[in-house]
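Single-structure report; data block below.
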Amino acid sequence: MYGNISLAIDNKLHGLIKKLDIQTIGRNKLLSYFKQIIDIIKRNGKRWPCVTHINIDITFEDEQNVILSDEQIANFVEESNIALPNINKIELHDGYCDTNASWLNKLVISYVHQTAKFKSIERLALNIPAFSQNLTYLHMYVNFEDTPPLPKVCTETLQHLVLDGVPPNYSWNAFINDNSKVIKFTDLKTLKVFYGRKIQQARADIDFRLYEFHFPCLTSLSVYDLHNDSILLSQMKFPKRITSLFVPGSFQSICMLLKQKLQHVERLSMGSLDPEVLNIPENRLCYMQLIRKICKQESLCMRWLYDLTYKEAESLQFPHLRNLSIEGRIDLFKLLAVLKNATKLQSLQCKTIHIIHGINTVLKLSYLKKVLPMCLNLKYASIRLLYDESVINDAYTFVKYMLLSCTALKRFELLNLNTEPLRPFVEEYRDAYPHLSNVVIS
């Protein structure tokens, strides 16, 4: 870092520095680095108003912290504010930024009133009444029992919100700005909520279950609730159109989604559920109701096909599906059942297709002479096959079947299968299937 600063100063380019990116081992070295930076600034212009962004990443904790007196901390913070007056973006990344009652905590607080972006997943005691009215990006870890609650957040200007470690009894009182029972995030575009363990200190002076959450401009929502604790989804009012909705984890979240009016989601991703939960008949019925509901979307990221039986997969209809991404392991026959009912599909990505012995008995080479078209609009496919050497012929049979049946295919990416044996096959079948001449196989 200092080599870069010295190089900039030697070439009289320090006035162009906008971001200080500090990576260090331990808080003691961080303090030393900061003091050196302030000294450099004092010697070269006294203040660098162009620097607006501080990014700190500490790895490993010091065995013994440097203890500064209150007067030393106050002087250091004052010098820092003079040298770097326009800091409006602060990021404290993974590591050991335990900043309770420390010089770094005081330094952060001195800038919070003017920050537009604030990120910290460490223990912070922000003993101030509110964040800046200009705050547009906030990423915080909130599951500390001995840490004061968040300062008030202006929900009218916030555009991106990420909350880590959220306890199910979290009150959301930092976002309540009036006596209304509606918490409205006027301009919020992205919301990510990672639920963690329940804490003893519930701060239950405000019961968030009495509130509705309105997100009129939301485009991307991720709710990670793996323990069936949160009811947040049931209290949310969705906009008519969401670009990305990611809800892995719990059956309760699935049931809440079913009750929501999901008018249009461009990309919806759900996780695979506990088989014991899905073995309960009423749970499976609810699950399939949601699956059929979301199959009406234009773009899907599926992690749940593994949970379905072949008949369930075969019964699904995808009237509008154009982009399909399948994550996790999927049985080949379930995939084919889905593809036959996705007539408008244009792009397919599969991370792991499980090849089992016996495909050749269903998709015989002789049968390939009269393959019926499938996915007439599919132009791009990228797949990774899971197989061992005993079923490699079955893997090639499946690939050949895809090549012949997807007549609009332009590019076919095979991530772990040698494509050389396919060359003579393409030459042999080119006359019967002219579209093979237009396919790039890689």
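Does at least one position in segment 189-197 carry a residue that is over 21 Å from Gln260 (Cβ atoms) and either crowded, with 17+ Cβ neighbours inside 10 Å or modelled with pLDDT under 75 (or both)?
There is at least one residue in segment 189-197 that is over 21 Å from Gln260 (Cβ atoms) and either crowded, with 17+ Cβ neighbours inside 10 Å or modelled with pLDDT under 75 (or both).
Take the residues of segment 209-231 that are over 19 Å from Leu138 (Cα atoms) and under 25 Å from the mean Cα position of the chain (by Cα): which is modelled with the highest pLDDT?
The qualifying residue modelled with the highest pLDDT is Glu212.
May I ask you to list pairs of residues, at least six apart or on different chains, whose Cβ atoms are under 9 Å apart, with the first in segment 408-437 being surrounded by fewer than 12 Cβ atoms within 10 Å (Cβ to Cβ) and the second being in a strand (DSSP E or B)?
Within 9 Å, the pairs are Asn416/Arg384; Asn416/Leu385; Asn416/Leu386; Arg423/Ile441.
Does Glu276 count as in a helix (DSSP H, G or I) and modelled with pLDDT of 80 or more?
For Glu276, the condition - in a helix (DSSP H, G or I) and modelled with pLDDT of 80 or more - is not met.
Considering only residues that are buried (at least 18 other Cβ atoms within 10 Å of the Cβ) and under 16 Å from Pro149 (Cβ atoms), look in segment 123-134 and name the one that is modelled with the lowest pLDDT.
Leu124
Listed residues Thr59, Thr52; which is within 32 Å of the chain's Cα centre (by Cα) and either within 16 Å of Ile109 (Cα to Cα) or modelled with pLDDT of 80 or more (or both)?
From the options Thr59, Thr52, the qualifying one is Thr52.
Would you mind listing the helices (runs of 4 or more DSSP H) fully within segment 325-442 where at least 2 residues are farther than 30 Å from Phe246 by Cβ and at pLDDT 85 or above?
So the answer is 392-405, 422-429.
Check Ala381, Ala395 and return the single one that is of a type in the set (Gly, Ala, Ser), under 17 Å from Pro424 (Cα atoms) and open to solvent by less than 60 Å² (accessible area, probe 1.4 Å).
Exactly one of Ala381, Ala395 is of a type in the set (Gly, Ala, Ser), under 17 Å from Pro424 (Cα atoms) and open to solvent by less than 60 Å² (accessible area, probe 1.4 Å), namely Ala395.
The values are calculated or read from the model by the stated rules, or taken from the named source; none is laboratory data. These numbers come from a predicted model, not from an experiment. FYI the Cβ positions are ideal-geometry reconstructions off the backbone, even for glycines, and counts take in every protein chain you see. Ligands, DNA and RNA are stripped out before the accessible areas are found, and what is left, the full protein with its side chains, is counted by its heavy atoms. Shrake-Rupley method; radii C 1.70, N 1.55, O 1.52, S 1.80 Å.
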